[in-house]
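To start, the structure itself, in structure tokens.
The values are calculated or read from the model by the stated rules, or taken from the named source; none is laboratory data. All values reported here derive from a predicted model rather than from experimental measurement. Because the Cβ atoms are built from the backbone with ideal geometry, glycine has one as well, and the counts that use them run over all protein chains shown. In case anyone asks, the SASA skips ligands and DNA or RNA and just uses the protein heavy atoms, side chains included. Shrake-Rupley method; radii C 1.70, N 1.55, O 1.52, S 1.80 Å.
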Amino acid sequence: MRVILAEKPDMGRNIAEALGVAKKERHYITLQSGDVVTWAIGHLIQQQLPDKYPEYKEWKLENLPFVPYPLQLEVDPSKEEQMKVIGDLLSRSTGCVIATDPGREGEHIARTILEYLGYKGQLQRLWIHDLTPETIRTGFGELRPASEYDNLAAAAKIRSAVDFWVGITATRLFSITAKEVAKENVKLSAGRVQTPTLRMVYDREMAIQNFKPETFFVLKAHFQTEQGSYAGQWFKETQDGIVYRFKTKQDAEDILKKVTGKKGQVLHYVSKDVKRAAPMFFDGTALRVAARKELGFDIQKTTKLLQKIYDKKYVTYPRTSSRHLSTNAAHQLVERLKKLQLKTKYGHFFPEEIASLVGKKRFVDDAKATEHHAVVPTERNPDDYKNDPAYQLSPDEEKLYELILKHTLAAFHPEGLDRETEVITEVAGERFLSKSLFVLSPGWREFYNPKDDEKPDDEDRSPIPELHEGLSASLAKGELATGKTSKPKRLSDTDLENLMKYAGRHVDEEQVDADVLQQLKEKGIGTPATRVAIIEKLMRDEYIEVKKNLVYLTAKGQNFLELVYEHPIASVELTGEFEQKLEEVADGRRDPEALLLEFRDFTYEILKYKDQLQSKIAELLGNKALFVHQNEVGSCPLCSKPIVEREKSYSCTGWKEGCSFSIWKIYRQVSISSTQAKHLLAGKEVLLKGIPKKDNDGTYDLFIFLKGSSIEVRFPTSEDFSLGACPRCKQPVLENQYNYRCSQWKAGCTFKLSKDFLGQSIKTSQMKKLLKSGKTDPIEGLSGKKGPFTARLGYDSELNRYCFVR
Ligand SMILES: [Zn+2]
Ligand SMILES: [Zn+2]
């Protein structure tokens, strides 16, 4: 009996159903063949947190660095039962098939379990790109020896160990230093991939903050020829490239004067037809970019939806960084699309003939689709499962599926064809550029026209007549236009993911040479499966905020990054190099043990910056907290600086300048809320309720207020709480729990009205009106014998009760 180990229960069920179920148990399924399928539930085994190691329990600098190896592992307590079943099954087995997700993470999940159990039997690997029954059956016919994936497993193991070492060592170092120097009790989480990612956000934020707009001028000209007229823009070739803009108005006007009324000629005329290939297939990142532009989904949303569509078997494995298909996958895709075409409601997206893409390097390249290939549809048709709760698509899932389908089909449609025309016209030695674009044949763009926010929209694309070089052209009109240089763009969440993928570089995958792309990719930071989670982690740690898909650095994020800017943990380059080395381990090009030692040295290196960090914090220290979010409650009565909420007080941020103003949060054993502190600082009186009496015999209430910088008190009087004058004795009326009563009741005044009247509660504001003007506003919903009614209430002094008034 072989044990087939899947990553998750539903994946286990999928595999079992494809291979033939004999009997289902709670924790495993026996197959007709006699083999059993069981499953992990994600990570069954976890790394023991440092506080479980006696020597690392306390947060002290002396305990660092944290570099235990091998790491101590433990079974996730909530998953012990499943783990026991896997152990029992394996002990009775003749072999094991690893059938977790085909990737680093999946490999790691399976290997950790097997290692923990000390499994030494025969190991095979199922490596498939989607979960359809056909693919599962084919995959079982082509099982690989698991040893082919030993390198991948080794890389995964190192990655998880060093991420743990580096993360814990750096987080503790930064947090301890912040506590020592800044006296702030805060966890400053840092990580091998997370911190360089934050640095990319920081760099962009600084570029935005430091940006100063500059005014510039451009010169446009309208030309007249015997062939027709067209527009052009002045330019000049310089050593640094082509310049279109003038820095001063005078410069532009000088040129305008020089060319006005002059005759010129066409110096250069090229009109050519340019093919427009369909976009490359999606990998996870490119799909998230497209989903943001086309559907407005943020990265978390797209990631979740994509996993669901994959689990429901409509698309291939999504955590891929390949945008190509292997030859096999390309043949399979054609067969699948043919099946799908016959019955899908998206039939009109399909080309007449679905021809093989093999031979088109843009789409099919075995060298670039090794571990995984691009995300493409399977033959499964959503229409067939409309009423099946397990497989039906939600509206958003369907939108994403439709995007993947359209995008994939674009590759099977004819290329588009555009006519591009470029003209250079010379007048009095000055040159003008004209460009036009004319769509001859839309091709695939007829049904799929992805948004492109990279293209500048200021380019003049007005039509140009058919010209020829040497043709004379007169300048009919020149005009100056002015503009302002624009701020660097704020990063979107998908921009950030793309920057991680290419280690901080902006790369247009459609344009860059494939081999260069591959090299850049190896240095990318994080993995396709973890990048989104890292961005989420930065949000949870309150270093960044994402609003409407745009990434903002928080004050904490800015201070933290300024603290660690020079530290190697924030280096995008260094992290990129480490990532490349991990890739090389995964490919068998590098010795895992040697790399592990290198990482160990790096972890030691983190600590070398201790003194530098301390002085950096001292330098950053200002009036406000660096890392803890502080609530501002008002301004200081002594020095006008902001007052912020601290652990035990509301204190002036001018302490560095010597202002010691503060209000303790506890006054006579009662706490002052931040709202009350705001009122005090605004010069208002605040009522503190329930102050215990000295002899502990009950409580009393007290008004407090600020006089200069000290708190003064005043006992409340009945006037303070008066709702108005008593209609009987003119003394204050007070509110009790159930009624409104005259403050002079002890002296014998009988005025008392219940707060409830005919099923409605009479609000304080209405009682005030009654006492002031003799009547309330109309009160709705009073219950009468004939049903609810509305009436104004007054006071009947003879009967001492409510009465109805007009
Ligand atoms: Zn002050
Ligand atoms: Zn009274």
Of the criteria (1) touching a helix residue (DSSP H, G or I) at 6+ places or on another chain (Cβ under 7 Å); (2) closer than 30 Å to Q307 by Cβ; (3) hydrophobic (A, V, I, L, M, F, W, C), which one F246 fails: (2)
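Considering each residue of the stretch 642-673, count those that are hydroxyl-bearing (S, T, Y) and farther than 19 Å from S709 by Cβ, and give that number. Explain how you work it out, then say what you get.
So the first thing to find is which residues in the stretch 642-673 are hydroxyl-bearing (S, T, Y), and the list is 649-651, 653, 660, 662, 667, 671, 673.
Applying the additional criterion that residues be farther than 19 Å from S709 by Cβ yields 671, 673.
Qualifying residue count, the stretch 642-673: 2.
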Long-range neighbours under 6 Å by Cβ, at least six apart or interchain, first residue among the hydrophobic types (A, V, I, L, M, F, W, C) within the stretch 723-752, second assigned to a loop (DSSP other than H, G, I, E, B) and more than 9 Å from ligand 2 (Cβ to nearest atom): V733/L723; V733/G724
Residue list for the stretch 208-237, restricted to those being open to solvent by 60 Å² or more (accessible area, probe 1.4 Å) and either of a type outside the set (K, R) or over 30 Å from G470 (Cβ atoms) (or both): Q209, N210, K212, P213, E214, T215, H222, Q224, E226, Q227, S229, E237
Among (1) among the charged types (D, E, K, R); (2) at negative phi; (3) open to solvent by 30 Å² or more (accessible area, probe 1.4 Å) - the single one K548 does not satisfy: (2)
Scope the stretch 143-157; condition over 28 Å from R336 (Cβ atoms), assigned to a helix (DSSP H, G or I) and open to solvent by 10 Å² or more (accessible area, probe 1.4 Å); matching residues: S147, D150, N151, A153, A154, K157
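Restricting the search to the stretch 703-728, which residues are closer than 30 Å to Y740 by Cα, part of a loop (DSSP other than H, G, I, E, B) and open to solvent by less than 70 Å² (accessible area, probe 1.4 Å)?
From the stretch 703-728, those closer than 30 Å to Y740 by Cα are 703-705, 713-728; that's our starting set.
Filter once more, so that each one left must be part of a loop (DSSP other than H, G, I, E, B): 715-717, 722-724, 726-728.
Result: P716, T717, S722, L723, G724, C726, P727.
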Subset tally (residues that are surrounded by fewer than 21 Cβ atoms within 10 Å (Cβ to Cβ), assigned to a helix (DSSP H, G or I) and touching a helix residue (DSSP H, G or I) at 6+ places or on another chain (Cβ under 8 Å)) for the stretch 522-533: 1
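Is it true that some residue in the stretch 743-754 is open to solvent by 40 Å² or more (accessible area, probe 1.4 Å) and either at pLDDT below 90 or away from ligand 2 (no atom under 16 Å from the Cβ) (or both)?
Step one: of the stretch 743-754, the residues open to solvent by 40 Å² or more (accessible area, probe 1.4 Å) are 744-748, 750, 752, 754.
Next, only the ones that are either at pLDDT below 90 or away from ligand 2 (no atom under 16 Å from the Cβ) (or both) stay: 754.
Yes: one or more hits.
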Cβ pairs under 6 Å, 6+ apart, first in the stretch 283-303 and farther than 17 Å from E509 by Cβ and in a loop (DSSP other than H, G, I, E, B), second open to solvent by 10 Å² or more (accessible area, probe 1.4 Å) and not aliphatic (A, V, I, L, M): D298/N549
Filtered residues of the stretch 642-669 (kept if near ligand 1 (Cβ under 8 Å from one of its atoms) and in contact with a strand residue (DSSP E or B) (Cβ under 6 Å, 6 or more places away or on another chain)): I643, C652, T653, C659, F661
Residues located in the stretch 120-142, provided they are open to solvent by less than 10 Å² (accessible area, probe 1.4 Å), touching a residue at least 60 places away in the same chain (Cβ under 8 Å) and under 17 Å from V3 (Cα atoms): L126, I136
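Yes or no, residue by residue, for (1) closer than 17 Å to G524 by Cβ; (2) out of contact with any strand residue (DSSP E or B) (no Cβ under 7 Å at 6 or more places or on another chain):
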| position | (1), (2) |
| --- | --- |
| D283 | yes, no |
| E294 | no, yes |
| I299 | yes, yes |
| T302 | no, yes |
| K308 | no, yes |
| Y314 | no, no |
| S326 | no, yes |
| A329 | no, yes |
| Q332 | no, yes |
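Could you list all residues from the stretch 341-367 that are in a helix (DSSP H, G or I) and within 33 Å of the chain's Cα centre (by Cα)?
Going through the stretch 341-367, the residues in a helix (DSSP H, G or I) turn out to be 341-343, 347-349, 366-367.
Residues satisfying the conditions are F349, D366, A367.
Rundown of residues vs (1) of a type outside the set (S, T, N, Q); (2) surrounded by fewer than 16 Cβ atoms within 10 Å (Cβ to Cβ); (3) within 31 Å of the chain's Cα centre (by Cα); (4) within 30 Å of A178 (Cα to Cα), yes/no style:
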residue	(1), (2), (3), (4)
T38	no, no, no, no
L49	yes, yes, yes, yes
A99	yes, no, yes, no
G118	yes, yes, no, no
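Go through E562, E566 for me and flag whichever is over 21 Å from the mean Cα position of the chain (by Cα), acidic (D, E) and not in a helix (DSSP H, G or I). Give the derivation first.
On the way: E562 fails: not in a helix (DSSP H, G or I).
On inspection, the qualifying residue turns out to be E566.
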Hits in the stretch 312-340 - residues which are assigned to a helix (DSSP H, G or I), buried (at least 17 other Cβ atoms within 10 Å of the Cβ) and out of contact with any Pro (no Cβ under 9 Å at 6 or more places or on another chain): A329, A330, Q332
Selection status of Q630, surrounded by 15 or more Cβ atoms within 10 Å (Cβ to Cβ), of a type in the set (S, T, N, Q) and under 21 Å from G103 (Cα atoms): no
